[in-house]
Amino acid sequence: MLETRRAMALAEVRDKSMAIVKRLHSLEAFQQATRVLTYVASKDNEVDTRPLIESLLPEGKDVLVPIAEPGGHMTWSRLDALSELRPARFGILEPAPEFKRPTSPTAGDVVLVPGVAFAPDGYRIGYGGGYFDRFMAGFPGTKIGLAYDLQIVEKPPVEVHDVPVDMVVTEAKVYRC
């Protein structure tokens, strides 16, 4: 799946990412969210969240981005501008130390979840670190996976610690899990 995604042309990534973001904006859960917790696309042609972040910041909606902590846990930091980000562990973009603003997620928030593959029932294959699964296990808000249609698979392997998302948004469809 990663090889297929990596082989996508940049124009295809851009166009499909824009379609996914448009579909995301139409969701009631997203519209009503107090804050948006989102990964910042930085590798393997992930669904690009940077244009989404750029559109949310001037609207006054709080955007939180993850920080990978030692021990496999994530904390979240309020972001004021994409320019505050720097490559960190695993090449993932995180706030530079001087821009870290720890913020605790709440039930009114939406988290946008990356993945290598997603099933229509919301289970996903991540990158293997378990960061998002550990976070989602205690997250009281709405969990939304972002993926290209080509990433939808019928039966990914599921382990006891895996936590499904509530929805998966692709360029063609919204899967309500």
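Annotations for the structure displayed:
- Residue check, ASP48 modelled with pLDDT under 95, surrounded by 15 or more Cβ atoms within 10 Å (Cβ to Cβ), within 28 Å of ARG89 (Cβ to Cβ) and of a type outside the set (Lys, Arg): no
- Filter result (under 17 Å from ASP109 (Cβ atoms), open to solvent by 30 Å² or more (accessible area, probe 1.4 Å) and assigned to a loop (DSSP other than H, G, I, E, B)) within the range 124-142: PRO140
- Subset of the range 12-27 that is of a type in the set (Val, Ile, Thr) and closer than 15 Å to GLY145 by Cβ - its residue that is surrounded by the most Cβ atoms within 10 Å (Cβ to Cβ): ILE20
- Members of the range 101-120 found to be charged (D, E, K, R) and surrounded by fewer than 16 Cβ atoms within 10 Å (Cβ to Cβ), listed by number: ARG101
- Long-range neighbours under 7 Å by Cβ, at least six apart or interchain, first residue open to solvent by 100 Å² or more (accessible area, probe 1.4 Å) within the range 154-176, second part of a strand (DSSP E or B): ARG176/MET167
- All conditions in (1) modelled with pLDDT under 95; (2) over 13 Å from the mean Cα position of the chain (by Cα); (3) not small (Gly, Ala, Ser) hold for ILE92, with the sole exception of (2).
- In the range 1-55, residue nearest to MET136 (Cα to Cα) [restricted to those that are assigned to a helix (DSSP H, G or I) and polar (S, T, N, Q)]: GLN31
- Of all residues making up the range 33-66, the number that are farther than 25 Å from GLN151 by Cβ and in contact (Cβ under 8 Å) with a residue 24 or more places away in the chain: 5
- Residue match in the range 95-112 (condition: in contact (Cβ under 8 Å) with a residue 40 or more places away in the chain and within 24 Å of THR4 (Cβ to Cβ)): yes
- Screening GLY145 on (1) small (Gly, Ala, Ser); (2) modelled with pLDDT of 95 or more; (3) assigned to a loop (DSSP other than H, G, I, E, B) shows it passes everything except condition (3).
The values are calculated or read from the model by the stated rules, or taken from the named source; none is laboratory data. Only a predicted model underlies this, so the values are computations on that prediction, with no experimental measurement involved. Cβ coordinates were reconstructed from backbone atoms using ideal geometry, including for glycine residues, and neighbour counts include every protein chain displayed. The protein model used for the area step is the full one, side chains on, heavy atoms only, and it has no ligands, DNA or RNA in it. Shrake-Rupley method; radii C 1.70, N 1.55, O 1.52, S 1.80 Å.
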